[in-house]
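In what follows, a structure is listed as structure tokens, so that the remarks can point back to it.
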Amino acid sequence: MHWGVPGGFAPSCHLIEARWLTEQIIRVRFLTPDLGLADAIAKALGGSFITRSSDDFRPASLNDLSESDVLLIDLRSDGGQGDDGVRLRRLDEIVRILHSHPPIVALCDAENQALLVGVLEHGAYDGVTSPPNIIELRLVLRRAYKSGVAEKELQRLRESVQGPKRLHELHGSSAAMQELFGLAQKIAPCDVNVLITGETGTGKELLARAIHRLSLRFNRPLVAFSCANLPETLIEDELFGHEKGAFTGALNLRRGRLEAADQGTLLLDEIGDLGLGLQPKLLRVLQERNFERLGSNTSVNVNIRLICATHRNLGEMVQQGTFREDLYYRLNVVQLHLPPLRERRDDIPMLAQLLLTAAARQFNKKARHFSRAALRLLEEYEWPGNVRELENAVQRAVVLSEGQTIDLCHLPAALRGNSEDPILHGSYEEEVRQFKRRLLLRTLEECGWQKAASARALGVARGYLHRLINQLEIREPEGENLAGEVRKQVPPSRLM
């Protein structure tokens, strides 16, 4: 895979410099086995296009389409892609697996009109004939780009006016989540740094992605990086990149996450784990908007929005001297706190049902709903792992289930052991047994432990009442003589 470079720019500098050549730079990913054609088209398109070519058609290789505005696919017969059916199936596979992809333009043989029509029916935005007319190709790519931008804006508007229970992939109808959604929507269009706090598993990264999608940078990349449990040298290399020969093993120039996020958003997860040695370097990036790669004295300018997330209390870390105060104030322009799941139990039924539906679809299972006892257990559990733990528990239950109902036996043992209610630990028969026992005890107490009166109140024969008392191990309170005679304790017997 390589970048086609118009005008002879070196690949190392072209991606940075080309952004300033015109106000509208269109980034094209060209999938073709003919890399010579890719170079020729890249040079012919000119400086308004950045063309990245690859001969790998597998959808798994297209993991960075957020950096592309248009996807150009070579479906010519001389490209070695097989007959029309094979080429269209390849296009189908890309469209089906990549749920979110840029507009697709297909390059087809001029005489193959059936394929040109077929690509439109299979999800492509448009098709062009080979050899392409460069003026026509520019127009098609620009129209595809504008269509993609309009579609993203329409999707953004749809999501911004969705029901109050959702903010993109975040769901919640509780008062705390509603307040959080409202604040996130207010600050998203403003290009300020955001600090997201909350326990592990509450959805901090989902909130960061929602803010990015609602921001003015929504059509530019969101680059995420976690600082957790990594050595300081590795984090520095990941963020800033390095020059060729900067250290042993640095065989090529490597651009870091800061450059990858240029014009977009950088999400630094677990920022509280960033070492004291790197904190002043990050502070300088925020102040000066530039940095140097490892092994270089040349400054690289970047324009990013920074969103940080942490489960730690950075204020306390400042007091302890483990986090720089000036960096803390730079990061904490706006702070959003995601409450733990145990503080918004009203959201649990809705979240559990959404997760159940998604898991049933993913694993092709019949599960559709929770039993009353299972849902009650989910609501009462403390959820130390928050939404992530709930998702894992629901997925396990769906995998183990055979019917449409998720019951107690499908939930993890850790959840069932958390409740002190004996009803929640047993089967259907045990629930019925406990219900009968409570009903009998209440009736006997109301009738002063007189068996005849209790049998009449329940509408059963006196002999049947005695059998129930034995089976349910009901004992009359000692010292009571409510019927005017000394009563014997009912001996214990086996369970029903």
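Every read-out reported here was derived from the displayed coordinates using simple, explicitly stated rules and does not represent laboratory data. On a predicted model such as this, the values are computed, not experimentally measured, just so you know. With ideal geometry, Cβ positions are generated from the backbone for all residues, glycine too; neighbour counts draw on all protein chains shown.
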- Query: Could you name the lysines in cross-link range of Lys451, using Cα to Cα under 30 Å and dropping any fewer than eight places away on the same chain?
  - Reply: Lys436, Lys488
- The set of residues whose placed amide H lies less than 5 Å from the amide H of Asn303, leaving out same-chain residues fewer than 5 positions away, is Gln263
- Note on the structure: For segment 211-227, Karplus-derived ³J(HN,Hα) couplings (6.51, -1.76, 1.60; θ = phi - 60°; whole Hz; x for glycine and proline) come out as 4, 4, 5, 8, 8, 6, 9, 4, 9, 10, x, 10, 10, 10, 8, 9, 8
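May I ask you to derive the FRET efficiency for Val192 and Asn297 from their Cβ-Cβ distance with R0 = 30 Å, giving the value to the nearest 0.05? The partial results should precede the final answer.
Numbers: r = 31 Å, r/R0 = 1.04.
Using R0 = 30 Å, I get an efficiency of 0.45.
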- Counting only residues 5 or more places away or on other chains, whose amide H sits under 5 Å from the amide H of Ser226 once H atoms are built in the peptide plane? Asp269
- Please report the Cα spread of segment 221-290 along all three principal axes, rounded to whole Å, starting with the longest. 30, 27, 21
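Please give the peptides 302-314, 284-296, 119-131 ranked by average Cβ packing (other Cβ atoms within 10 Å per residue), highest first, as a rough proxy for protection. All intermediate terms of the calculation are to be shown ahead of the outcome.
Details: 302-314: 21.0, 284-296: 15.2, 119-131: 17.5.
For the peptides 302-314, 284-296, 119-131, the packing ranking is 302-314, 119-131, 284-296.
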- Item | Under 5 Å, built H, 5+ apart or other chain: amide partners of Gln335 | Leu195
- Under the 7 Å Cα-to-Cβ spin-label approximation, Leu35 and Val86 lie apart by a distance in nanometres of 2.2
- Message: Quick check on packing: order 169-178, 209-218 by the mean number of other C-beta atoms within 10 Å, highest mean leading.
- Response: 209-218, 169-178
- In order through segment 107-124: 3J(HN,Hα) via Karplus (6.51 cos²θ - 1.76 cosθ + 1.60), integer Hz, x for Gly, Pro: 9, 10, 5, 4, 7, 9, 5, 4, 5, 4, 6, x, 5, 5, 6, 9, x, 7
- For segment 184-189, what does the Karplus curve 6.51 cos²θ - 1.76 cosθ + 1.60, with θ = phi - 60°, yield as ³J(HN,Hα) per residue in whole Hz, taken in order and with x for Gly and Pro? 4, 5, 6, 8, 4, x
- Footprinting proxy, Cys190, Cys108: sorted fewest to most Cβ within 10 Å, the residues are Cys190, Cys108
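Summing Lys, Arg as +1 and Asp, Glu as -1, what charge do residues with Cβ under 10 Å from the Cβ of Gly241 carry, Gly241 excluded? Walk me through the numbers before you get to the answer.
Working: positive: Arg254, Arg255, Arg257, Arg293; negative: Glu236, Asp237, Glu238, Glu243, Glu259, Glu292.
Overall, the nearby charge balance is -2.
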- Message: Using a Cα-Cα cut-off of under 30 Å, which lysines could be cross-linked to Lys43, ignoring same-chain neighbours fewer than 8 residues away?
- Response: Lys146, Lys152, Lys244
- With a ≥ b ≥ c the root eigenvalues of the C-alpha gyration tensor of segment 166-338, is it rounded (a/c under 1.5), prolate (a/b larger than b/c) or oblate? prolate
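Ranked from highest to lowest mean number of other Cβ atoms within 10 Å per residue, what is the order of the peptides 139-150, 465-476?
Values: 139-150: 17.5, 465-476: 15.8.
Packing order, densest peptide first, comes out as 139-150, 465-476.
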